[in-house]
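Structure first, commentary second.
Every number here is computed from the coordinates shown, using simple stated rules; none is lab data. All values derive from a computational prediction rather than experimental measurement. Note that each Cβ is placed from the backbone with ideal geometry, even for glycine, and that neighbours are counted across all protein chains shown.
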Amino acid sequence: MSIKNGQRVTYSPIGIDIGTRSINIVQLAKSSRGLCIHEADIMMLPDEKVMKESTIADALSGIIKRNNLKGKEIVSRMSPSLVSIIPIKISQREGESVEQAILRESKEYLPCPVEDAVIDYLPINNIAEGADGTKKFLLIFVKRSDVESHINVFKKVGFKVSAIDIGPNAINRAIKRFRKPSEKRILVINVGDVSSFSTILWDDMLLIDRKMGWGENNIIEKIVSNLDIGIDEARKVMYKYGIDWASSPRISIDDTLSVMPDEDIPAHIYEIVAPGLEDLNKEIEKMLIYCTSEMKGAMIDQIYFMGSGGLLKHLHVYLQKTFGISVRPFEPEEIFSHAGELKRIVKDNFPIFIISIGLALRGYNA
């Protein structure tokens, strides 16, 4: 706690999300003015197949230097490529604890000896309990050496790791804090480059977390091949113009500049990426069918779009029209006080900070 402008301010742990292309950080602060983002930043990582510890340490050092972070306590998420999260069913034997049953079951999935792994689990909502008494859990495991390396990187730059969390936990924590009271059954779609994750929340409890066979690259690569441009340029085009599925593509060229007017571009982009969007529709439809089955006919109230999917203009409106369910990304003005003071990089990329926000909320009485 500290005093700022005559007000008591409490700062959260620093939430650090290490992804495949960037490190995203958030630190929250609470005062009489309400909850706000004290600091948030993105540090892009080099395009390397295997990320070196020194590369991550350098990126973290850069983040420390250019931000006014309070304290050294952090809650982090390891790169999803290093963490396995698998849904499993457990049937306890007589005299067996839940932990013993999960350890027994986990041996089937571990790619390494038990002593070389760090194993955790997350109970799934009891609505998913089978008639035979089986219970569902998310089995979480990671190589012990990767955990040690992860912690050592933060030690090198002076951080103290208070907890290592996973994406579904961070998402659930953020959703519980910021959702509307009427939203009871929620589908969260966290869009990544190569793959995405869909998480179903039922009354603040996790029902399922599933990896989807669809990522942003499914549509970005279609822009690359059709327009003959690089993948980074294709992302800029997609983020800038978005999609327009309601209009027919027009061929009109400005005679003076010999370029297509900006207002005509989104319809052409939609025509290019439409096959990739159909693949996304199929993945979402699978989740909705699963929901109806597991929830005994109940329907999803709300779909939240986060990750890079929240940056694609008009995509959430397209999905809302397709499925007839409210779809929206988080907007900072809806959940934080004095959001107008946020850095431009945070405002422009807010959907990718949700996991970092969920990490920062761990153990923080906001």
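When only alpha carbons are used to place a centre, the range 59-108 and the range 261-285 end up 35 Å from one another.
Near CYS112: Cβ cut-off under 12 Å, other residues only, Lys/Arg at +1 and Asp/Glu at -1. The net charge is 0.
Could you check what % of the DSSP bridge pairs in the chain are antiparallel, to the nearest 5? Intermediate values should be presented prior to the final figure.
Values: 47 of 65 bridges.
Antiparallel bridges: around 70 percent, rounded to the nearest 5.
When you restrict to C-alpha pairs under 8 Å that are six or more residues apart and normalise by the size of the range 82-143, the relative contact order lands at 50 percent.
Entry note, the chain: the mean residue ellipticity at 222 nm calculated from DSSP H runs of n ≥ 4, each adding -39500 (n - 2.57), is -10500 deg cm²/dmol after division by the residues and rounding to the nearest 500. Taken as entire DSSP H runs, the helices of the chain that both span 24 Å or more between Cα atoms along their own long axis and average -1.0 or more on the Kyte-Doolittle scale are 265-294.
Using only alpha carbon pairs under 8 Å that are at least six residues apart, calculate the relative contact order of the range 180-329 and give it in whole percent.
Computed value for the range 180-329: 27 percent relative contact order.
Among the listed pairs LYS89/LYS313; LYS211/LYS240; LYS136/LYS347; LYS156/LYS211; LYS135/LYS176; LYS211/LYS347, those with a Cα-Cα distance over 30 Å are LYS89/LYS313; LYS136/LYS347; LYS156/LYS211. Taking other Cβ atoms within 10 Å as a rough exposure proxy, ARG177, ARG235 sort from fewest to most as ARG177, ARG235.
Ordering THR292, THR322 from the fewest to the most neighbouring beta carbons within 10 Å gives THR292, THR322. Ordering CYS112, CYS36 by the number of other Cβ atoms within 10 Å of each residue's own Cβ, fewest first, gives CYS112, CYS36.
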